[in-house]
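What follows is one structure encoded as C-alpha cells, with my remarks underneath.
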Amino acid sequence: MITGIQIMQKLPKTNCGECGFPTCLAFAMKVAAGQIEIDKCPYLDPKIKEEIAEATSPPVKSVILGNKQYTYKLGGETVLFRHEKKFENPPLIGTFVHTAMEKQEIERKIKAYKNYKWERVDKILFPDVLMIEDKGNEEKFLYLLEKIISELPEIAIILNSENINALEKALQIDNDFRPLIYGVNYQNYRDFWELTTKKEVPLGIKANSLGELAKISESLLKLGAKELVLDSGALSVRELFEDLVIIRRVAIKKRFKPFGFPIITFMYRYTDSLALETLLASICIAKYAGIILLSDLKAEYLFPLLVERMNIYTDPQKPLVVEEGIYPINGPDENSPVIVTCNFALTYFIVSGEVEGSRVPTWVLVKDTDGLSVLTAWAAGKFGADNIAEFVKRCGIEEKVKHRELMIPGYVAGIKGELEEELPNWKIIVGPREASGLPPVLKEWSKKLKHNLD
Ligand code: SF4
C-alpha cells in the first residue's frame, strides 16, 4: 500500500487548500487512509492521479448494483480476517426464478421477498438479490424482468443468460437499473464486453476452473472492464471453499488483479437440502462470498443467515451503541415508571421492544457503558452504583417525574443497597433479569405509581 508521505511527494505541495484540507500533507494522509478520493485535488496530472487512485484502491474492487434509490455495493474489501480491520460490504443473499418455472412458483418466491422483512437493532433485514435465469425463452425472460423491477424495486437483480440479444433488450427496459450480467465465458466474453460498452454494467464470469477464471478476468481487464464478479465453477463443497479462500488471499496478499473482485456463489450446486444450503451459506458469509444464492427462501433458514451477516459485517472494534440519554416510550408522563439500562444497542432494542409491547408509558434511561452489556459493564466499572447515580442526577429525569422510583436490571441486583446510598431520595426496584419479564412488572408498577400519586 502507498503511504501518505509517498502520496504527498506526488502532490503540487502548494498548500492551496482547494481540496478542503489546509495542507497537501493533510490531504495525502486522508487519501492514504482511503477516506477521500484523490480527485479532490484539481492540480494533478491525470496519469499521476490514476497511479495514486490505483495504489489506494482496495485490493478487492467495488461493484455497484441496484438503482438510484436502492444501491448495493459489493467488494471493496481490504483484509483477509475481520479482526485486522473489518469486512466492508455484506454479501447479497437471495434466490432465483427462471423462464421454465411455473407461474405459481414465481409468485410464491416474489411473495417471500415481500413478506420476509425483520427489524433487528434498528435495521431492516431482508433478502436483497434475485437472479432471473433465461432457459431459452427470451420473451418470458424480459417479462420476468419487468415484473421483478415493478414488484420488487428494492432488490438487486442478476440476469443469467448467454443470449446477447435478450440481454441487450433487457438493459433497455429501465435506464435506472444496474443489474449484474452473469454468464460470461471464454467463448463469449468479447460479445458481453460489447454489450457493456452500450450500457455500463458489471459482468459476472462463469468459469470452469480457477485457471480459466483468471484467463477470462485478465482478458476483460485488458479490454477495460472495471467491475467484475467471479465464479470459479467449483463443483464440490471442498473446491468451493478452497476457491473462495484462494481468490481472496491472492487478491489481498499478492494484489493479483484478475481475482480482485467479489465472488458469486450458488448453494444449490452442492446439495438438494435447503438446510445444508443454509449451513454452507453461513460459512460463505464469513469466508468471502459477495453474492449467495439459495434454491429457495424460507423464513426459518433465511433469518439466521441475515442475522449472521449483520454480525459479521459490523466493525469488531466498535460495539453497536445507542446514544446516552432519556428515551420516552409509549408517551410517558410525570407518573410513569423509570428504568435504567446500558447503551449496548442489542440490549437497548430488546428492552425498548418489550417496553413498547407492554404499552406502558415508560422512561428508559440509557447510560453510556461504551457499548458493553449490563453484566460486562458492571464488571468493567461502567454500570456501578456510583456512575448510575451520577447519570440519574445529571440526565434530567428528576424534572420529568414526580415520583422517585427507579428500576435496575435484575442482573445487577447486588448494587441496590449501594445505589440507595448514592441516591437517598430514590427507591431502587430490582427488575427482571431478562427483558421479556418486563411487561407484567411494568403494568403492575405503573398502576401502583398512579395510585400513590393520585
Ligand atoms: Fe495540495 Fe492539491 Fe490540496 Fe491544493 S488542492 S492543498 S495542491 S492537495
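Observations on the model:
- With a Förster radius of 45 Å applied to the beta-carbon distance between K416 and E168, the computed FRET efficiency rounds to 0.05.
- Inter-label distance, nm, simple model (7 Å from Cα along the C-beta direction), K198/D370: 5.9 nm
- Residues of segment 368-398 with amide N under 20 Å of a point placed 7 Å along Cα→Cβ from Q317: 370-372
- Annotation for segment 289-390: trypsin sites (Lys or Arg not before Pro) lying in DSSP loop with at most 15 further Cβ atoms inside 10 Å of their Cβ are K298, R359.
- For the pair segment 1-76 / segment 131-167, the C-alpha centres are spaced 36 Å from each other.
- Once exposed loop chymotrypsin sites (Phe, Trp or Tyr not before Pro) are cut out (DSSP; at most 16 other Cβ, 10 Å), longest piece of the chain: 314-454
- Extension gain, K448 to L221: 0.36 nm times the residue separation minus the Cα-Cα distance gives 74.5 nm.
- Antiparallel bridge percentage (DSSP; both residues within the chain; nearest 5): 30 percent
- Potential extension, K114-R433 segment - 0.36 nm per residue separation minus Cα distance: 111.3 nm
- Ranked by the mean number of other Cβ atoms within 10 Å per residue, highest first, peptides 196-208, 431-443 order as 196-208, 431-443.
- Of the GluC sites (Glu not before Pro) found in segment 9-79, those in coil by DSSP whose Cβ has at most 13 other Cβ atoms within 10 Å are E18.
- Here the extension length gained between L25 and E54 equals 8.5 nm, from 0.36 nm per residue of separation less the Cα-Cα distance.
- Of the residues I339, I429, ranked by 1.4 Å probe accessible area with the largest first, the sequence reads I429, I339.
- By a 1.4 Å probe calculation restricted to protein chains, I106 has an accessible surface near 10 Å², given to the nearest 10.
- Surface accessible to a 1.4 Å probe, R249 within the full protein complex, Å²: 110 Å²
- Within the shell of other residues whose beta carbon sits under 11 angstrom from the beta carbon of G94, the net charge comes to -1, with Lys and Arg scored +1 and Asp and Glu -1.
- Among the GluC sites (Glu not before Pro) within segment 270-332, those in coil by DSSP and having at most 13 neighbouring Cβ atoms inside 10 Å are E323.
- Spin-label model, D386 to R404: label points 7 Å out along the Cα-to-beta-carbon direction sit 2.2 nm apart.
The values are calculated or read from the model by the stated rules, or taken from the named source; none is laboratory data. Everything quoted here is computed from the prediction, not taken from an experiment. Virtual Cβ from ideal backbone geometry, glycine too; neighbours counted across all protein chains shown. Side chains are part of the model used for accessible areas, which takes the heavy atoms of the whole protein and leaves out ligands, DNA and RNA. Shrake-Rupley method; radii C 1.70, N 1.55, O 1.52, S 1.80 Å.
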